[in-house]
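Notes to accompany the following structure.
The values are calculated or read from the model by the stated rules, or taken from the named source; none is laboratory data. Keep in mind that this is a model prediction, so the values were computed, not measured. Don't worry about glycine lacking a Cβ; one is built from the backbone with ideal geometry, like all the others, and counts go over all protein chains shown.
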Number of protein chains: 2
Amino acid sequence: MNGKSSRRKFLKGGAAAAAASAIQSANGTAAAQTEKRSLKDEVAYGERSKYVNSVRVAVNERPAPDEFGLTFHVLSPLQDSVGIVTPSALHFVGTHRGAIVPDISPKDYRFLLHGMVDRPLEFTLDELKRFPSVSRLHFIECLGNKARPDHKTVQQTTGLTSCSEWTGVPLSLLLKEVGVQKGANWVVSEGSEEVKGAGSIPLGKAMDDCIVAYGQNGEAIRPQNGFPVRLIVPGFEGIYNTKWLRRMKVVDQYYMTYNDYGHISADPKVAAFNLQWGPKSIITSPSGGQKLPGPGVYQITGLAWSGGGAVKKVEISTDGGRTWKEAEIRSEVHRMAHTRFGMNWKWDGKECELQSRCTDELGQIQPSREQVAKVFNQPPDYYHNHGIPGTDNAIVPWKIATDGSVRNGIA
Amino acid sequence: MNGKSSRRKFLKGGAAAAAASAIQSANGTAAAQTEKRSLKDEVAYGERSKYVNSVRVAVNERPAPDEFGLTFHVLSPLQDSVGIVTPSALHFVGTHRGAIVPDISPKDYRFLLHGMVDRPLEFTLDELKRFPSVSRLHFIECLGNKARPDHKTVQQTTGLTSCSEWTGVPLSLLLKEVGVQKGANWVVSEGSEEVKGAGSIPLGKAMDDCIVAYGQNGEAIRPQNGFPVRLIVPGFEGIYNTKWLRRMKVVDQYYMTYNDYGHISADPKVAAFNLQWGPKSIITSPSGGQKLPGPGVYQITGLAWSGGGAVKKVEISTDGGRTWKEAEIRSEVHRMAHTRFGMNWKWDGKECELQSRCTDELGQIQPSREQVAKVFNQPPDYYHNHGIPGTDNAIVPWKIATDGSVRNGIA
């Protein structure tokens, strides 16, 4: 802001402070890249700016991925996100079943659809592409995407969710092609990774809106997200969206698989299956690790989504959940997709707590942490840990101190 | 397809031929990359598969871009596209005003809004981000995106169009902030490149749906597409979507600028301004340079869009425009955005000509080449060339020979 103006309308709440005052991020500063690309390279493929250094980070509480590890959990930098599309290079990754991404040549790829069907078929990638395609924006979220008290940033609390335009064959078309037999009720899918991840989905879901996908954001799916083919099960926990999909078997009952580790517990109240995500939202800015430079006008912005369909409403509280105000929806709204919300907010410099709450098209309302804990029969400070299953769509609060610093509200 | 099946429903038209038979592309084969990335790199940023080598190419009829050239026109690989999002790295680039992409640090960036306003203001990037944002999918298309007889592929005939989710501040908010004065009618925008590209848009459009954008597909705009800020003028010719936006001036009348080179002609019938794209579509597969391996069932698929709003209908002809059949819409439909269409098609092995035709929400119908030539008072074999201005949304036909080869139908 230079001296050309003596008045401001929109930013009047904190014009002076605003002058020097973007929200400061804990996520490092841009380092100029020294390597110069050839003009031939510039023509072929346009890289991002040397000033942009947004990156994914590994999940802290899991072993760092290495050649011998069996885990590869990588968090998407939600604090840097704009709009609703996640850049494919920054899409979260979650797998417990092999740190090594399978190397599958498109020419060698085969997808087997069998089980309780009239004519089992094996499809090449080219054959899949000769079916009618569908392209839709959907989020995928790992069932382990839960805020813990030791998380500092929104990337850590909530970075295991992403949203892409997925392109592929409706699974229903392939199931019609093979002819599902009477008595079939579930479909088990299996990936190509080392430990052969597998998951069971109800036949009704399989016939509804699932996609055998080969495209992501206008290009081939990236290796870490299932190249050349993955399953998209819109709104279901990430673990059902089988990557490096190699076969699906139509069966008569639920099949217990390795993937069920997250759902099994001695406590029947905890053991309930959670196939579909509830309504969820997260404020991405201001968020943990950032700092407001002083009182003034800010944008509260974030993402909302639900496994139950379209986001209908997002509310924001700036007083720790006592009062709520409806936020603006600032993107396209798609079913089972991230939705961008925002609200103008004037910070008075006092301590406060920000929360967001999503209501979906079914009328489901995102719960508080206390409500979630009650469902899972846990103490009020409940949070997910290994051995305590169940997805978590609880509100994540951000506390703002008088110096403008933002920190995890459950810490 | 292996021996497991004796029957096929969907692919029954050409099961035997289909077995070995994806459409073959002229665009090279995958070359394995030998360089291995560290696991740290794999965590930070997920690159595309070594088997994927889709790239942009330079426009043939312009000088190859080099350090001294004044042109940088790069075509998006539409033949490889799926869905409606263009990967940011593969977005087309078009500029006549400097081959060197301006190197603008986000910290140094300033945007000046001045002219017939109450209080001219200069904004930093951080200040722009403190306004409410909007995110929408829009196509951008260069006014020079026209098929010529010497073009071999769809990348050459039509590759100067792309579609992204753009995020930024509604221009209307900024104009309200500065206070537009009475008598103002046009807004002139200027970029930061060497020759200072500039363009004039009507104030009514500026107050309607334009975006001062800093985000593209969920991340910062890439350098070749205007980092850190560009103007989005939905549905208008690409040249009005000023990249590296440095100022906008509110004025009382149309300003003639360097960018008008494409619109000026001695012939008044040709000189008419063409701000907004008409309805347009292109079949991306099968398309020029590809080869159908034999008779059988194929997908005809492509993209449709219009500057006049949403795509309402796409029709496909397989007999050179004599008869038409309505295609399926196979993506989300957004206003002024690419829209994916498709149709199942059984090729009988005879010579034929494929065409697609878009109708938009205004009822405008994409014209034939003959109709476009008539508007521009040109012979029926009219095509755009330097010195012959006017955008071209004519139907691009693909001819298929008995050997399955596909070639430009206007060649």
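Could you identify the single residue in A:GLY294, A:GLY309 that is in a loop (DSSP other than H, G, I, E, B), within 18 Å of A:ALA394 (Cα to Cα) and either at the interface with chain B (Cβ under 10 Å from one of its Cβ atoms) or not hydroxyl-bearing (Ser, Thr, Tyr) (or both)? Give the steps one after another, and end with the answer.
Numbers: A:GLY294 fails: within 18 Å of A:ALA394 (Cα to Cα).
A:GLY309 is the lone residue from the list that is in a loop (DSSP other than H, G, I, E, B), within 18 Å of A:ALA394 (Cα to Cα) and either at the interface with chain B (Cβ under 10 Å from one of its Cβ atoms) or not hydroxyl-bearing (Ser, Thr, Tyr) (or both).
Just for the range A:221-245: of the residues that are free of Cβ contacts under 8 Å to residues at least 60 places away in the same chain and not in a loop (DSSP other than H, G, I, E, B), which one is surrounded by the fewest Cβ atoms within 10 Å (Cβ to Cβ)?
It comes out as A:TYR240.
May I ask you to say which residue of B:GLY13, B:GLY69, B:GLY98, B:GLY28 is more than 32 Å from the chain's Cα centre (by Cα) and modelled with pLDDT under 85? Please lay out each step first, then the result.
Details: B:GLY69 fails: more than 32 Å from the chain's Cα centre (by Cα); B:GLY98 fails: more than 32 Å from the chain's Cα centre (by Cα); B:GLY28 fails: more than 32 Å from the chain's Cα centre (by Cα).
Exactly one residue qualifies, and that residue is B:GLY13.
Can we say A:SER405 is touching a Lys or Arg at 6+ places or on another chain (Cβ under 6 Å), modelled with pLDDT of 95 or more, small (Gly, Ala, Ser) and over 16 Å from A:PRO279 (Cα atoms)?
On the way: touching a Lys or Arg at 6+ places or on another chain (Cβ under 6 Å): yes; modelled with pLDDT of 95 or more: yes; small (Gly, Ala, Ser): yes; over 16 Å from A:PRO279 (Cα atoms): yes.
Criteria met by A:SER405.
Looking only at residues in the range B:316-359 that are free of Cβ contacts under 8 Å to residues at least 40 places away in the same chain and among the charged types (D, E, K, R), which one is surrounded by the most Cβ atoms within 10 Å (Cβ to Cβ)? Please lay out each step first, then the result.
Going residue by residue through the range B:316-359, those that are free of Cβ contacts under 8 Å to residues at least 40 places away in the same chain are B:318-319, B:322-330, B:333.
From the residues that got through so far, the ones that are among the charged types (D, E, K, R) too are B:319, B:322, B:325-326, B:328, B:330.
Numbers: B:ASP319: 11, B:ARG322: 9, B:LYS325: 11, B:GLU326: 12, B:GLU328: 15, B:ARG330: 23.
Going through the qualifying residues, I end up with B:ARG330.
If you go through the range A:146-164 one residue at a time, do you hit one that is acidic (Asp, Glu) and more than 10 Å from chain B (Cβ to nearest Cβ)? Before you say what the answer is, go through the steps one by one.
So in the range A:146-164, the residues acidic (Asp, Glu) come out as A:150.
Then drop every residue that is not more than 10 Å from chain B (Cβ to nearest Cβ), which leaves A:150.
Checked the range A:146-164: at least one residue is acidic (Asp, Glu) and more than 10 Å from chain B (Cβ to nearest Cβ).
Show me the strands (runs of 3 or more DSSP E) entirely contained within the range A:142-212 in which 3 or more residues are under 20 Å from the mean Cα position of the chain (by Cα) and closer than 21 Å to A:SER287 by Cα. Can you show your working first?
On the way: elements: A:161-170, A:186-191, A:198-202.
Fully inside the range A:142-212 and qualifying: A:161-170.
Among the residues of the range A:207-224, which ones are in contact with a Lys or Arg (Cβ under 8 Å, 6 or more places away or on another chain) and among the small types (Gly, Ala, Ser)?
A:ALA213, A:ALA220
Across the range A:320-346, which residue is farthest from A:PRO234 (Cα to Cα) among those that are part of a strand (DSSP E or B) and basic (Lys, Arg)? Give the derivation first.
If we filter the range A:320-346 for residues that are part of a strand (DSSP E or B), which is where we start, we get A:325-326, A:328-329, A:339-346.
Filter again for basic (Lys, Arg), leaving A:325, A:340, A:346.
Numbers: A:LYS325: 29, A:ARG340: 18, A:LYS346: 37 Å.
Here the residue is A:LYS346.
Kindly evaluate A:PRO132 against the criterion of being under 30 Å from B:TRP166 (Cα atoms), surrounded by fewer than 22 Cβ atoms within 10 Å (Cβ to Cβ) and within 8 Å of another protein chain (Cβ to nearest Cβ).
So A:PRO132 fits the description; yes.
Which condition from (1) within 14 Å of chain B (Cβ to nearest Cβ); (2) touching a residue at least 60 places away in the same chain (Cβ under 8 Å); (3) under 20 Å from the mean Cα position of the chain (by Cα) is the one that A:GLY218 breaks?
(2)
Applying the selection to the range B:360-374, what residues are surrounded by fewer than 18 Cβ atoms within 10 Å (Cβ to Cβ), modelled with pLDDT under 95 and either among the β-branched types (Val, Ile, Thr) or out of contact with any strand residue (DSSP E or B) (no Cβ under 9 Å at 6 or more places or on another chain) (or both)?
Once the filter is applied, which keeps residues that are surrounded by fewer than 18 Cβ atoms within 10 Å (Cβ to Cβ), modelled with pLDDT under 95 and either among the β-branched types (Val, Ile, Thr) or out of contact with any strand residue (DSSP E or B) (no Cβ under 9 Å at 6 or more places or on another chain) (or both), the range B:360-374 yields B:GLU370, B:GLN371, B:LYS374.
So A:GLY115 passes all but one of these: (1) surrounded by fewer than 24 Cβ atoms within 10 Å (Cβ to Cβ); (2) at positive phi; (3) at the interface with chain B (Cβ under 8 Å from one of its Cβ atoms). Which condition number does it fail?
Unmet for A:GLY115, out of (1) surrounded by fewer than 24 Cβ atoms within 10 Å (Cβ to Cβ); (2) at positive phi; (3) at the interface with chain B (Cβ under 8 Å from one of its Cβ atoms): (3).
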